[in-house]
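Below: one structure, written as structure tokens.
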Amino acid sequence: IFSKASVSFEDVSESSSETDEDEQPLRRQEGSTDLSAEYWGIQKLAKYVKGGDPTATLIALCSMRDFNLSEETCQLAIKDTGCLEVLINLLDTEEIKCQTGSLKILKEISQNMLIRHAIADLGGLEIMVKILDSPDTDLKCLAAETIANVAKFKRARKTVRKHGGIKRLVELLESISMGSSYQAKDIETVRCAALALWSCSKSTKNKKAIRKAGGIPLLARWLKCAHTNILIPIVGTLQECASEPSYRLAIRTEGMIENLVKNLSSEHEELQRHCASAIFKCAEDEEIRDLVRKHEGLQPLSALLDKSENKQLLAAVTGAIWKCAISRENVLKFQEYKTVETLVTLLTDQPEEVLINVIGALGECCQEEENRGTIRRSGGIAPMVNLLTATNPALLVNVNKAVGGCAMEPENMVIIDSLDGVRLLWSLLKNPNPDVQASAAWALCPCIENAKNSGEMVRSFVGGLELIVNLLKSNDKEVLTSVCAAIANIAKDEENLAVMTDHGVVPLLSKLANTNNNKLRRHLAEAIAHCCMWGSNRVAFGDTKAVAPLARYLKAKDPLVHRATALALYQLSEDPNNCVIMHENGVVKLLLAMVGSTDDILQEAAAGCIANIRRLALATEKAKYG
């Protein structure tokens, strides 16, 4: 029931996005603890702590510290005997020795979750924050370290902020100047202040408070020091705060990436983990990805994959590799370091948080043709396809992208198909999560393009075509875009297009035509172009009012939208009524400009559409005037 967190940095390293203590901790079951000799020993001392003069109190505090205060029995004895209230009251005296003795005990026993909450309930945090102004350095350090232990839950972190604790902790960091030699007291001051900031930084408002108090340049300053016991809480705080854009900007502009990269080669795995975690959160930004490469951080990240027994480190490192691999230049470096081969070995027997990152990294790497072959030769296709049966949406999104990336290679596609990978992807279109649906639809596009007898393969999925057509009713833009892209590929097979037409694909596509989203416009226009190839679909698109909105797409700034739209208009212009609508919507002038394009496909489609409109005009004129 009770937390038994160790005194190490691990205790404060839980991210705000992960677990946090409950606001109401569980109550201890009465009589469930075996009352040991230590329990009775502390009970005997309690009366001296509570009722003695300052000297007797001090002796009792010293005697209490002779007990093993990391033992749960001793911690609860202090709480049960009413000593906790007295210890907190002692903090509010002028007796430095009593304050010190009390804090030394509180620092140890606040590792217990029940006691942390009790300290907060009794107003202990407010007094500890005041002590941060004390002229006594030892006292300030003890207060800061105890705050670090107590501020493990939201209410406690809020109390520290509300009573000016963040500002005082930042000032404590600032009070020590960096130099070539530090005294032990200086190192301890910075360590304790950083530990407290680390605990507090799990709250979004506290991240902002640290920034407003001028904490960022100080974190950057202490990131350059050589003391591991300072670096761990400093980097711990940074990786917590890196979820905020303002911190990521500062990490880039204050030159912190160089030091984060440097410490990836530390002998301390915990420090390596926090550095990798900070890079993981920051490398969403392209400039930071470039800086990691510039400061030669990709090689140590790759090397750390060998420490696969430390799962927390592995999760942080694979996360950093995944985000860094978004940049092509970094992928080319990872090829040099044989990172892809190592990542493939991590596709099995790993915790979910590691798998999400590993498959995410492979999904980015397989955008490069060479890596698609490397994954196949390393035996990565089968474990990748196996992961399509997972349930975690974040994992599925990454697996879909990776399988889709590998499917761009025909040799890989043969293996994916033989393992029933396409059927598994298709079944993910039923997943309730729109991100999973969209990523599955995107992955199906290269599968359909590169599979042998893809038309027959698609028809073999019972109810598959009806399922994908019905996804055009989704409210999610990315789902709609990816489904349009998949339909454009499926419609290349006449039989499948006929089935989709029966399921009402034409009116559903037409209904989407009034969108302003260029990505959706492009894939919708492609789907319309391919769906024109069956029966009276061209006429049906005109009847369902798809033509006029399509004409407006030609005014978009995106050349890929122009190409897809010109192809759709060319197909639609085979129907005379559509030509009239196009002419009324001024497409001729817009298409004339595109006839001179360097894009051959756009040029031909524009010319073909203009020719059809012109032919109709001539025929009308001839019929009119003879």
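Miscellaneous remarks
- Of the residues making up the stretch 119-139, those that are open to solvent by 40 Å² or more (accessible area, probe 1.4 Å) and touching a residue at least 40 places away in the same chain (Cβ under 8 Å) are 136, 137, 138.
- Spans of helices (runs of 4 or more DSSP H) in the stretch 548-617 with at least 3 residues more than 44 Å from the chain's Cα centre (by Cα) and within 16 Å of residue 528 (Cβ to Cβ): 576-584
- Residue 615 vs. criteria within 21 Å of residue 492 (Cα to Cα), in contact with a helix residue (DSSP H, G or I) (Cβ under 9 Å, 6 or more places away or on another chain) and of a type in the set (Lys, Arg): no
- Wholly enclosed helices (runs of 4 or more DSSP H) of the stretch 342-450 bearing at least 1 residues at positive phi and not polar (S, T, N, Q): none
Results for (1) at pLDDT 75 or above; (2) surrounded by fewer than 17 Cβ atoms within 10 Å (Cβ to Cβ); (3) farther than 22 Å from residue 121 by Cβ, shown as yes or no for each residue.
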position	(1), (2), (3)
67	no, no, yes
72	yes, no, no
77	no, no, no
82	yes, yes, no
86	yes, no, no
90	yes, no, no
97	yes, yes, yes
104	yes, no, no
108	yes, no, no
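- For residue 505, the test of being closer than 25 Å to residue 436 by Cβ and either without any contact (Cβ under 8 Å) to a residue 24 or more places away in the chain or crowded, with 22+ Cβ neighbours inside 10 Å (or both) is passed.
- Taking the listed residues 145, 174, the one that is among the charged types (D, E, K, R) and open to solvent by 20 Å² or more (accessible area, probe 1.4 Å) is 174, with no other qualifying.
- Look at (1) surrounded by fewer than 16 Cβ atoms within 10 Å (Cβ to Cβ); (2) within 26 Å of residue 369 (Cβ to Cβ); (3) of a type in the set (S, T, N, Q) and you find that residue 460 fails only one, number (2).
- Which listed residue, of 358, 261, 354, 331, is surrounded by 21 or more Cβ atoms within 10 Å (Cβ to Cβ), in contact with a Pro (Cβ under 9 Å, 6 or more places away or on another chain) and either among the hydrophobic types (A, V, I, L, M, F, W, C) or at pLDDT 95 or above (or both): 261
- Screening the stretch 476-502 for residues that are over 18 Å from residue 442 (Cβ atoms), in contact (Cβ under 8 Å) with a residue 40 or more places away in the chain and not hydrophobic (A, V, I, L, M, F, W, C) and picking the one that is surrounded by the fewest Cβ atoms within 10 Å (Cβ to Cβ) gives 494.
- Applying the set (1) in contact with an Asp or Glu (Cβ under 8 Å, 6 or more places away or on another chain); (2) part of a helix (DSSP H, G or I); (3) closer than 19 Å to residue 203 by Cα to residue 152 leaves exactly one unmet item: (2).
- Flag for residue 564 being more than 22 Å from residue 614 (Cβ to Cβ), at pLDDT 95 or above, in contact with a helix residue (DSSP H, G or I) (Cβ under 6 Å, 6 or more places away or on another chain) and of a type in the set (Gly, Ala, Ser): yes
The values are calculated or read from the model by the stated rules, or taken from the named source; none is laboratory data. Worth saying up front: this structure is predicted, and the values here are computed from it rather than measured. Here Cβ is always computed from backbone atoms with ideal geometry, including for glycine, and neighbour counts include all displayed protein chains. Remember, those area values only see protein heavy atoms, side chains included, never the ligands or the DNA or RNA. Shrake-Rupley method; radii C 1.70, N 1.55, O 1.52, S 1.80 Å.
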